[in-house]
Each structure stands twice: as C-alpha cells, then as structure tokens.
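Peer 1: So that we are looking at the same thing, I have put the structure below in structure tokens.
The values are calculated or read from the model by the stated rules, or taken from the named source; none is laboratory data. Remember, it's a predicted structure, so these values are computed and weren't measured experimentally. For neighbour counting, all protein chains shown are included, and Cβ atoms are generated from backbone atoms with ideal geometry for every residue, glycine included. Side chains included, ligands, DNA and RNA excluded: accessible areas come from the protein's heavy atoms. Shrake-Rupley method; radii C 1.70, N 1.55, O 1.52, S 1.80 Å.
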Amino acid sequence: MVEGEEELIRTSVSEVLGEQEAVRESLIPILLRVQEKLSYLPPLAMELIAGALQIPAVDVFGLATFYNQFRLHPPGKYQLQVCMGTACYMVGGKIALDCFERRLGINEGETTPDREFSLERVACVGCCTLAPVVVVNEEVEGRVTPTRVDGILIAFGKKIQPSTGVGEKKGDDGS
Amino acid sequence: MSKQVSISIDGRTITAPEGEKLLWVALENGIYIPNLCAMKEKSHPSGSCRLCYVQVEGRAEPVTSCTLPVTEGLSVQTRSPQVDRLVKSAFELLLSNHRLGCGRCPRRKTCELLKMAKERGLKMKLFHLEPLEWPVEIDDSPKTFAFDRSRCLLCGRCVWICQEVAKVGALGFTGRGIDRRVGTFQELSLAESPCTECGLCIDPCPSGALYFKESK
Amino acid sequence: MTVETPYQERYRKLKDSAAAGEEALSRQAVIQVGMATCGIAAGAVPVKEAFVRFIEEKNIDARVMEVGCMGHCYAEPLAIISKPGFPALCYGYLDEDLVERLVEDYLLNDDPCYEFALVALEPNDVFPTLSDFPRGVHEKKIVLEHCGFIDPGEIDHYISRGGYSALAEALSGTPATVLEQVKESHLRGRGGAGFPAGLKWEAAVQAGGGTKYVICNADEGDPGAFMDRSILESCPHQVIEGMLLCAYAIGAEKGYLYIRAEYPLAVKRVRLALEQAREKGLLGSSILGSSFNCDLEVFRGSGAFVCGESSALVRSMEGKMGIPATRPPRLAQSGFRGRPTVLNNVKTFAYIPPIINRGVDWFRSIGTEKNPGTAVFSLVGKVAHTGLVEVPMGTTLRELIYDVGEGVANDKAFKAAQIGGPSGGCLPEAAIDIPIDFDSLQEAGAIMGSGGLVVLDEDDCMVAIARYFLEFTQQESCGKCTFCRLGTKHMLDLLTAITEGRGEPEDLEVLERLAWEVKEGSLCNLGATAPNPILTTLRYFRDEYEAHINEKRCPALMCSELIVYYIEPSKCSKLCSVCVGSCPTEAIYTRDDGLKAIDQDKCTKCDNCLKTCPPDYNAVIKLSPPGLLAEKEGGKGA
C-alpha cells in the first residue's frame, strides 16, 4: 500500500458512511459511492464497511464479486469499455475488442502495466444505432472500426507499432 | 398446532401439517426424494439444486417438492418419466463439475450423490457432457478439517450454518454464474478467515467438500 | 358541467403558469436538439454548441433547447427547428457546417433549406409530414408521445402538454377507480412476460393494509434494447406520474426507480425530474393538496442482468446478491422488506397516465383484443432506419422491418429477426408475417421480451448469434441453480466447439436435449428462457449448424476459425496498397508482380483489409471452409 493510501481509504469510507444509514440496505449505494471516490474497492474499505454495517466481510466481498460495476483493482487512467451488445457484436464489436487487446498487449479485464489503459467489455450501453460502440472514460464513441481503435489510442498518447499478435498475458494483480 | 391434512405420495395416504413442504413430509415418512440444498430450519427454501422434482396430479410440469406446501387432497408421484429426466440431467450436470474418485473420498459412506445414484439407478459417470476441468483446490489450513472445493456442489448448507447457526460469517457465496463458489473474504484460507473451527458445517456437507481430517 | 375539485384547481394553476411560460417563448424561433445518450454519442453536443454560438454571433432571437430522443436514431444528430410562420421541421445528420448554414439561411434569411430537412412535424403545403411516410402510417405513439419534443429537464414542458392531469383527476376520485381503469384497460406488463398489470396491482391491494411499495424496473439489460433508457432520458415525468397513480391505487407511500448503472444520464435526469416534481407539490407529502403522500427515489443498480428478474431486483435493493428466490410468495404479497410490492417496467408505468386521461375504450381500440395498446421496439442491427419505434400491437414483423425500418441496409438479404434479446429467438423470413403480440411471438419460439429487435442479414452466422447469446446468459447467470449455472456453461462449450470447427454430429442432439432440460428445470426465467436462442436457431436454421459440423464451413463467413482472407489477384491492382497499410500485423505483402497477398500465418482476421479495399477493386474476399484456399492458390499444397 502506498503511503497515505490507508488514510485516504479510511477518510473516504467514513465520509460515505456519514452520508448513508448504516444498514444492510445501504450496502450497494455505499459500495458505489466508495468506488466513485477511490476508483476501486480495496480490501480495507470492504472490511471497514462490513464493520460499520455489522455484517460478515465475506458478504461485502461476495457482493463486490457478484456485480459487474465493482472493481477489486485500480483501473487504468483511460478506461476503455467495449460494448458487447447484440448490435455491436454483429457489426464488429468483437473485432474492436481484439484490436484493443492486440494494440495494448493485454486481455479484456486487464490493465496495462503502466496503468495507462484498462480494457473491459460491457453489456449493452444502449447506443445500438451507433454500433460498434466503445465507452472511453464514460464518453461514448460510435462506429469503432479497427482504424478508429488506433485513432482512439493515439489520441491518448499511445504509440502504435505493428505487432504480431496478442501480447503475453500480463498480470492484473493490483499490487 | 396447525391443521392436519391428508395427502397421497406414490399412492400412500399420509397425514401432515398443512403448509409443510412436501419434501419434508416425504422424507419424514421414509419416502426418498433426491435433494441437496434443502434445510428444514431455513425459513425460505433455496430451491437451487433442482433435484427434488415430483409430479403433482393435475399439473403438467414437475414441481420442486421443497417449495410445494401440502394441502388437503394433494396427490403426488415421486417418479414420472419427466421427473426422472430432469433429475438425471441435474445429476449429470452436477457430476460434470464434481471431482470424482469416490474410492478415496472421505465422505463415501455418507455421500448424497452416491445415495441418489443408488436410489434412482444413476451412474457415477458422465454420458453426454464433458467434465468441467478446474484445478484441484484443497484448503487444509484448519487444524481439524479441510475444504475441497473441487467436490463442492454449492448447496449452501455450510454457508447457512456458518452465518445463521454458528454466527461466525467466515464462509459466504462469492462470484457469479459459473464462478460462484463458497468462499471467504478475499478468498483467504480458512485459517486466515474469521473461522473458529467450530466444525458445525462439516456434517451437513452432502458431498465430501468439507470433511474432518481424521476421517480421511 | 362538472365542478372542479380542489386538486384539479391546483393542477390547473400549475398548468396555466407552465403554458404562459411556453406562450411567451413561442414568438421566437426554437431549436430542439436531440440530446439523449445516443444523440450525444453521435455528436449532439458540438451541434448544440454550434447553434448557440452562431445564434449569438448573428444576434438572432432564438432559443436552443435540449430534448430527448425522437426515435429517428439513424439520422442523429437531429434537431427540430420551429420558426414562427413556418412548419416545424426536423433536420438530421447535422454537423457544424450544416448548423452554420441553417442559422444563416433559415433563421436569418427565411430559407428553410428543404434539401436538408427530413420531415415536417405539422401539416403544411410544402413539405411532407410523418404520415406521408410508411413509418408514420404505422407508428402510433403513446409512451413515446412526448419523447424528443420536450425538454426532460423542464417539468413545465410536460405539464403544459397536460402532464400530471391524470394524477389530478385520479386524486379527485378514489384509488379503486384507478385500479378498475387499469384492470379494464387489459394493459399487459411490458417487462417481457406480459402479465396483466391490473391483476398485479389488485393482488397488492388484496394483500391488506400497511406499508406497500411501488418499484419501477429500469434495469434494462437486454443487449440490443434501449427503449427504457430513452424514455427515462426523454420524458421521465410520464413514468413518475404512472408510478404515482399506481401508488395511489394500491396505497403505497414510497417508491423506487431501479435504474441500471450503465445509464448515468437517465439517473441524472430522473433525479432532476423528481426534484422538480417535489417543488411543484406533485411528489412528497399531501400531493396537490390532497391527503395522498408518496415519495419516489432512484436506486442505482450495479450491473447484473439477472436483477431484471423481480425477486432478484428486490434482493439487490436489500443489499444482497441479486439472486432470484423461489415462489411463493409473489412480490405482490411479500416483496421489498417483506411488504406487498408492485414492480412494473418503465413502459408499463408510462402507459398509465394516457389510459387515465383518454379512457379505457380509447386504449383498447389500439392493438388487438388480447394485446391492447402499442409495442415499443428498439429497431437495430442491419436495418436501414434504426431507431426507437412504437407501433400498435398486431402490426406484423414484416411491416415493422420493411415499412418502418425501410428494410435491410446496404441491399443485403434478410436472414432473421432476433427479438426479445437473450431470452428470445431468431425468426426467419418465413416467420415474420406473424403479428407482434405476446402470444404470437411465444408460439413462434421467440418472446416479446422488453422490445429489442435486431435485424440480421446474410453476413450473420446463426450459430455464432446463438453462441453470442449463450455467452451472455452464461456470464449473467447468477449461478444459484444447477441447470442455469452448469447447463448454460455446457451449452456454450458445445456452441463454441461448433463455431470453431470442432463440432461432432452427435453434439446437436446433446445440445437440443440439454436446451429443453435447462428450459424446464431452471429456477427462474433467466434460465428458463436462456435456451431460446438455441432452440429457435435449431428449429429454423439447422442447416447452418450442420454446415459447421459436417463441412467445417460457416455459410455466413463469420466464424473466424472457419474462414480465411484471400486477395483475388484478378481484382487486385498494382497501383493500390491501401490494404498493406491497414494491416495491423504486417500480414499483407506485395508480390513480385506488384499485386498483394496475405501471409496466412500472420493474419489475425481483423477484417481491416476487406473494409479498406477500395470498392473499385473489392479484391479481398473470405473463404470457407479454409481448405478452399489451396484451390484458389492453384492447387498449391492441395
């Protein structure tokens, strides 16, 4: 843990707990708010929340691993979410995802070692008429062809070099 | 004391308290219905294992007996071609995700799967499905018992005991879908978890996932 | 002459003041820019900014307004320009240049630039209106009536068009009257299964007194469906009013809108709408001065498709995993916090105010006898005019696709209509003359679902689409019950093997048997409907499965393991090397004769070369089975 991080986690959690009633029903709103502040759910945060709500920590962890929205590891600076809705999939969503994987040298669900980019697939974001769609830091980009993939990455300062395939699996251990 | 009603199971007339779930009425009267996830103490049946199907007179589709309250005149058959088909299918699905090798399993004498196989004439092998391969993962960190996840059927009995009876809360369900498992906070070993080694979860386990070390 | 009740009087004052505000503005030109998520994604923000900038620069008396989605998504970004003295006109495919021209020529100089207009929104002598197009003939807007025409952030826009009058009217009568009207309307819930809304409400009434809850299910999770999002983003007040009417009818004082986390804009707009309704006395305690108290709030979902299932949704609101519970009890008896709860879909609630306002007979005159009202679809995929459409029940799928959607895009051949998302099915050409209603679709093997309609063409592989949906349901299965957790996994594995050319002839039998067993044995509807995409594709497109298994061939040339890319030397040109530059893996090289060829070992089948090869050549083709390559290369290695 980086210096000051524990302090940040403790303050963030207590701030959120101050806004919400400490009951089981508030668990999802609390987790969403804590994640908004910390960008992910560190173990310490989950333990603090479990303590405040007087529920087993494994229940908080269970919820965090059940719902798609929750992250257990810090995301990259640029979050790329490739939509895998039906319309997107049928017109090249998978191809766009492959391209990102190839260019970034990571697989979906992972973050680049320099913590610049993280790549996820998302269920339909409801912009089917612009398929295939990629959500970049909450902004929707429509009609993402393989060349557009390069365009998006270059715009964020990624140097594009021809490569031969998907890079070896890089860890996403969040340490 | 609730009202007693008269029902029929496989042609046998049985008196039971109204509203009691059929599964318990049958089992308490010595009539076997396959089951894994059912626990009589639980206020709301889990209904997750999908093994306790029975055929109710007047209904086309089989019904899970753990959710079926008995009412006056209820008439059921524990077997029918449809019931057998569903039970066989659920059984094979569970088996495809269960590490076989019964000869060396510490629970071979009390295994619910073996019992089911014997009662319903099912084989402990896969006919249509490929086994789902997972790495064998045994947590033997507790002093007295061990947890072999590759034999876990996700019936949830241990989770309920740990949370509601022992009030410890070391075990819980984590993940979703095919990744759902009985786990601990951060998937730590049981020794690192709040587990007190009370051992209450061991006997209810139907499949040899949780077992006392000396019994091995 | 009926006497106005105090609530109606209070409402009339709200309406008069809202109308006065609107009236004052009708003397200037108004530009309404479509700013729902889809519009914004298509570039509506710079378009709106351009309007504002040019109007300011040229000192024009005009106002730019944000509205929601009017449904013509294919032409986004869209704007409606209403200038006094002209019919309101809708313009599509906007960009900054076009905006500058419209401001200059139309707003400043009275030339409406008809060449860029899509349609006029009111009858006139010069430009066609919606009813002059096939789409307009079929469309009948009830829940989408105001979508795209009002600012969702301005409650007065809704009120001045009669919004909340149904609430005022209901408060003047009794809760029983509202319930009776909803029952009599025969409105069926629009969440998918089509259960009569009135009966659900009645069950909650019969569950006795005490605390009750109303929940709006806006956890729209079907891939390919975005109706609920658009409605909440475009006209949130209609849904809020519908919920209040339900709360009044069943005696609830608290309600929630469960909105999925992927819809941040909908959450924002609904929260703003709730705030405004509270300020006007339309929400909270003693609504419109009556003794009826009801407050609503937003609950953000956190991403689990299974939470669309009502008992799972309630569990998730209670801070638990979204896992369906066994029945009985039903939610109407014991739902949120163990209390009677009515849970309906966004669209179901949106129908209530119009039903109360215009009456049961009017509603039942639309659609069919057993399926009154309209069906709202998001029409997407390979259809020419994608968008959000609303047609009377009983319209045929063919009319919807060919008249409303203007047919298949890019002159391709129609293959199937995927309806109802992962719980639905794929219907072939031969089955699209069926009327759209809950029962007919179910009979054909699909379901109405929440209303996603994806058109598939000749380039879409039906095995791949079945695999796609199974991958989805497998990932979204909560994992509780045996059939769904393990059954979907095995079905997915079988389909993956088939699409990768590893399928065996007996796999089809295993797949079909397993599909039926999962359908019958699963605990909830997610599992029970998960096999539908397999069962319908097996029923209507079995030959495609057989081609994959027996010939290792993908007839639609889609499954990447079963195709190779090839450059036809007879079509390729020495003068062009677009494909070489487009290839991300340097798999394309220039042959000694100057033509291009693909090094199959390096090719990742990304499709870039095929997309970039100029239409004059169209030299890049796909071959399946891959063995055809040897033939093409002149027997080399054959």
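Peer 1: Being farther than 24 Å from residue C:473 by Cβ and not aromatic (Phe, Trp, Tyr), is that true of even one residue in the stretch A:85-95?
Peer 2: no
Peer 1: If only one of C:52, C:33, C:47 is touching a Gly at 6+ places or on another chain (Cβ under 9 Å) and either among the small types (Gly, Ala, Ser) or in a helix (DSSP H, G or I) (or both), which one is it?
Peer 2: Answer to the check: C:47.
Peer 1: Suppose we filter the stretch B:143-201 for residues that are within 10 Å of chain A (Cβ to nearest Cβ), open to solvent by 20 Å² or more (accessible area, probe 1.4 Å) and closer than 22 Å to residue C:485 by Cβ; how many remain?
Peer 2: 7
Peer 1: When the residues of the stretch C:273-311 are filtered to those that are closer than 17 Å to residue C:170 by Cα and among the polar types (S, T, N, Q), which remaining residue is most open to solvent (accessible area, probe 1.4 Å)?
Peer 2: C:291
Peer 1: Could you figure out which of (1) in contact with a helix residue (DSSP H, G or I) (Cβ under 9 Å, 6 or more places away or on another chain); (2) of a type in the set (Lys, Arg); (3) within 30 Å of residue B:5 (Cα to Cα) isn't true of residue B:59?
Peer 2: Exception for residue B:59: condition (1).
Peer 1: Residue check, residue C:131 against (1) in contact (Cβ under 8 Å) with a residue 12 or more places away in the chain; (2) hydroxyl-bearing (Ser, Thr, Tyr); (3) outside any loop (DSSP other than H, G, I, E, B), all met but one. Which one?
Peer 2: Of the numbered conditions (1) in contact (Cβ under 8 Å) with a residue 12 or more places away in the chain; (2) hydroxyl-bearing (Ser, Thr, Tyr); (3) outside any loop (DSSP other than H, G, I, E, B), the odd one out for residue C:131 is (1).
Peer 1: Please enumerate the residues belonging to the stretch B:1-30 that are open to solvent by less than 70 Å² (accessible area, probe 1.4 Å) and hydrophobic (A, V, I, L, M, F, W, C).
Peer 2: Listed by number, the residues that qualify are B:5, B:7, B:9, B:14, B:16, B:22, B:23, B:24, B:25, B:26, B:27.
Peer 1: Contact list please: Cβ distance under 9 Å, first residue in the stretch C:373-384 and touching a residue at least 24 places away in the same chain (Cβ under 8 Å) and open to solvent by 10 Å² or more (accessible area, probe 1.4 Å), second residue of a type in the set (Phe, Trp, Tyr) and not in a strand (DSSP E or B), pairs at least six apart or on different chains.
Peer 2: Partner pairs satisfying both residue conditions: C:384/C:74.
Peer 1: Residues in the stretch C:558-571: is at least one open to solvent by 70 Å² or more (accessible area, probe 1.4 Å), more than 25 Å from residue A:92 (Cβ to Cβ) and either of a type in the set (Phe, Trp, Tyr) or in a loop (DSSP other than H, G, I, E, B) (or both)? Before the answer, list the steps.
Peer 2: From the stretch C:558-571, those open to solvent by 70 Å² or more (accessible area, probe 1.4 Å) are C:561, C:570-571; that's our starting set.
Next, only the ones that are more than 25 Å from residue A:92 (Cβ to Cβ) stay: C:570.
Checking which are either of a type in the set (Phe, Trp, Tyr) or in a loop (DSSP other than H, G, I, E, B) (or both) leaves us with C:570.
Yes, that holds for at least one residue.
Peer 1: Continuing with this model, one more query. If we keep just the residues of the stretch C:1-37 that are of a type in the set (Ser, Thr, Tyr) and farther than 30 Å from residue C:50 by Cβ, which is most open to solvent (accessible area, probe 1.4 Å)?
Peer 2: Checking each candidate, the answer is C:2.
Quick grid of which residues meet (1) surrounded by 17 or more Cβ atoms within 10 Å (Cβ to Cβ); (2) over 21 Å from residue B:128 (Cβ atoms):
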{"position": "C:473", "(1), (2)": "yes, no"}
{"position": "C:476", "(1), (2)": "yes, yes"}
{"position": "C:479", "(1), (2)": "yes, yes"}
{"position": "C:500", "(1), (2)": "no, no"}
{"position": "C:519", "(1), (2)": "yes, no"}
{"position": "C:526", "(1), (2)": "yes, yes"}
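Peer 1: When you check residue C:459 against the structure, is it in contact (Cβ under 8 Å) with a residue 40 or more places away in the chain, open to solvent by 10 Å² or more (accessible area, probe 1.4 Å), more than 9 Å from chain B (Cβ to nearest Cβ) and out of contact with any helix residue (DSSP H, G or I) (no Cβ under 6 Å at 6 or more places or on another chain), yes or no?
Peer 2: Yes: the conditions hold for residue C:459.
Peer 1: Name the residue that is surrounded by the most Cβ atoms within 10 Å (Cβ to Cβ), counting only residues in the stretch C:600-630 that are at pLDDT 90 or above and in a helix (DSSP H, G or I).
Peer 2: C:609
Peer 1: Another question about this same structure. Please pick out the residue among C:269, C:278, C:327 that is facing another protein chain (nearest Cβ under 9 Å) and either in contact with a Cys (Cβ under 9 Å, 6 or more places away or on another chain) or farther than 12 Å from residue C:215 by Cα (or both).
Peer 2: The match here is C:327.
Peer 1: Further question on the same structure: Here is a list of conditions, (1) open to solvent by less than 10 Å² (accessible area, probe 1.4 Å); (2) assigned to a loop (DSSP other than H, G, I, E, B); (3) away from every other protein chain (no Cβ under 14 Å); (4) not acidic (Asp, Glu), and residue C:223 meets all of them except one; can you say which number that is?
Peer 2: (3) is the only condition that residue C:223 fails.
Peer 1: Being outside any helix (DSSP H, G or I) and farther than 22 Å from residue B:37 by Cβ is the filter; apply it to the stretch B:93-125 and report the residue that is most open to solvent (accessible area, probe 1.4 Å).
Peer 2: Out of the qualifying residues, it is B:123.
Peer 1: Inspect the stretch C:89-100 for any residue being surrounded by 14 or more Cβ atoms within 10 Å (Cβ to Cβ), in contact (Cβ under 8 Å) with a residue 60 or more places away in the chain and closer than 13 Å to residue C:30 by Cα and give the result as yes or no.
Peer 2: No, there is no match, as no residue in the stretch C:89-100 is surrounded by 14 or more Cβ atoms within 10 Å (Cβ to Cβ), in contact (Cβ under 8 Å) with a residue 60 or more places away in the chain and closer than 13 Å to residue C:30 by Cα.
Peer 1: Could you list all residues from the stretch A:124-135 that are assigned to a loop (DSSP other than H, G, I, E, B) and within 10 Å of residue A:88 (Cβ to Cβ)?
Peer 2: Result: A:124, A:125, A:127, A:131, A:132, A:133.
Peer 1: Suppose we filter the stretch C:491-520 for residues that are facing chain B (nearest Cβ under 9 Å) and among the charged types (D, E, K, R); how many remain?
Peer 2: The number of residues fulfilling the criteria is 6.
Peer 1: Cβ-Cβ under 7 Å, sequence separation 6+ or interchain: first residue in the stretch C:599-611 and not assigned by TED's automatic domain parsing to the domain that holds residue C:582, partner modelled with pLDDT of 95 or more and open to solvent by 60 Å² or more (accessible area, probe 1.4 Å). Which pairs?
Peer 2: none
Peer 1: OK, next. Being in a loop (DSSP other than H, G, I, E, B), open to solvent by 20 Å² or more (accessible area, probe 1.4 Å) and either within 14 Å of chain A (Cβ to nearest Cβ) or in contact with an Asp or Glu (Cβ under 7 Å, 6 or more places away or on another chain) (or both) narrows it down to one of C:261, C:193, so name that one.
Peer 2: Within the list C:261, C:193, the selection yields C:261.
Peer 1: Then there's this: From the list C:112, C:123, which residue is outside any helix (DSSP H, G or I) and open to solvent by less than 40 Å² (accessible area, probe 1.4 Å)?
Peer 2: The conditions single out C:112.
Peer 1: Let me confirm something: among C:408, C:391, which residue is in contact with a helix residue (DSSP H, G or I) (Cβ under 9 Å, 6 or more places away or on another chain) and open to solvent by 10 Å² or more (accessible area, probe 1.4 Å)?
Peer 2: C:408
Peer 1: Out of all the residues in the stretch C:312-328, is one or more free of Cβ contacts under 8 Å to residues at least 12 places away in the same chain and open to solvent by less than 10 Å² (accessible area, probe 1.4 Å)?
Peer 2: yes
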